[in-house]
Amino acid sequence: MFSGIIKAIGKVAKMEQQGGDLRLTITSADLPWKEFAVGESISVNGVCLTAVEFLGNGFVADVSAETTKVTALANLAEGSRVNLEPSVSLGERLGGHLVSGHIDCVGQIKTRETDARSVRLVIGIPAEYSRYIARKGSVCIDGVSLTVNEVSDNTFGVNIIPHTADVTIIGDYRTGTEVNIEVDLLARYVERLLANSDDSAITEEYLRAHGYA
């Protein structure tokens, strides 16, 4: 699991095609790589990848063909900057929200506007995922935990403060940029409860009254 709080910005040092899959070598001077072990999970732009090798200044991970199909990792190139977050440890402070690293869909930046010292982004997503996005709810964009400001049809808006733009790759976003989207886990579980429950006591009103909606 991850928290959606980016710990470092990395760079794609090498991309290699291997038997139909993709092998990424990612480097960063801002993480203590000697403290990690092979097999650990690292979030790369919100995608949970398993480290198969560690270097003095980074790590190597394999990306399956399926992952490249359903995420924006396919848009990476050597030299691309990426958001990095190692998995959280028990007892670690959780600053964002619980994030699985399993991408739900690829979104696209529709508009980018300056708002005082911040930046407002409007992101378009596939219609079938819009029901999981709620105003003031949480969403993960390229591994960054953000609060949703507004929702309209198949788009939603977020506000990016200067600090977030500085310490993540969000500052690089332009209109048309494709991003990895993971919806709030709570929205998924609420949907499943409502879909599978035979107990008439579990209603939308019940969930809202108990803080689940």
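Structure data summary
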| quantity | calculated |
| --- | --- |
| Test result for Val99, under 15 Å from the mean Cα position of the chain (by Cα) and modelled with pLDDT under 95 | yes |
| Lone qualifier among Leu84, Leu73 - being part of a helix (DSSP H, G or I) and within 14 Å of the chain's Cα centre (by Cα) | Leu73 |
| Residues (of a type outside the set (Ser, Thr, Tyr) and over 12 Å from Arg120 (Cα atoms)) located in the stretch 147-160 | Val151, Asp153, Asn154 |
| Identity of the residue in the stretch 157-176, farther than 19 Å from Gly10 by Cα and aliphatic (A, V, I, L, M), that ends up farthest from the chain's Cα centre (by Cα) | Ile161 |
| Close pairs (6 angstrom Cβ cut-off, 6 or more residues apart or separate chains): more than 19 Å from Leu186 (Cα to Cα) in the stretch 99-119, part of a strand (DSSP E or B) and of a type in the set (Asp, Glu) anywhere | Val106/Glu178; Gln108/Glu178 |
| Only listed residue being in contact with a Phe, Trp or Tyr (Cβ under 7 Å, 6 or more places away or on another chain) and within 28 Å of His97 (Cβ to Cβ), chosen from Phe2, Phe59 | Phe59 |
| Qualifying strands (runs of 3 or more DSSP E) (wholly inside the stretch 1-67; at least 1 residues being in contact with a Leu (Cβ under 9 Å, 6 or more places away or on another chain), at pLDDT 95 or above and loosely packed, with under 14 Cβ neighbours inside 10 Å) | 8-18 |
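Okay, residues lined up against (1) aromatic (Phe, Trp, Tyr); (2) outside the structural domain of His163 (by TED's automatic domain parsing); (3) under 19 Å from Val183 (Cα atoms):
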residue: Ala13; (1), (2), (3): no, yes, no
residue: Ile26; (1), (2), (3): no, yes, no
residue: Phe36; (1), (2), (3): yes, yes, no
residue: Val47; (1), (2), (3): no, yes, yes
residue: Thr50; (1), (2), (3): no, yes, no
residue: Thr68; (1), (2), (3): no, yes, yes
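The values are calculated or read from the model by the stated rules, or taken from the named source; none is laboratory data. Owing to the predicted nature of the structure, the values given are computational and were not obtained by experimental measurement. Every residue, glycine as well, gets a Cβ built from its backbone with ideal geometry; the counts of neighbours run over all protein chains shown.
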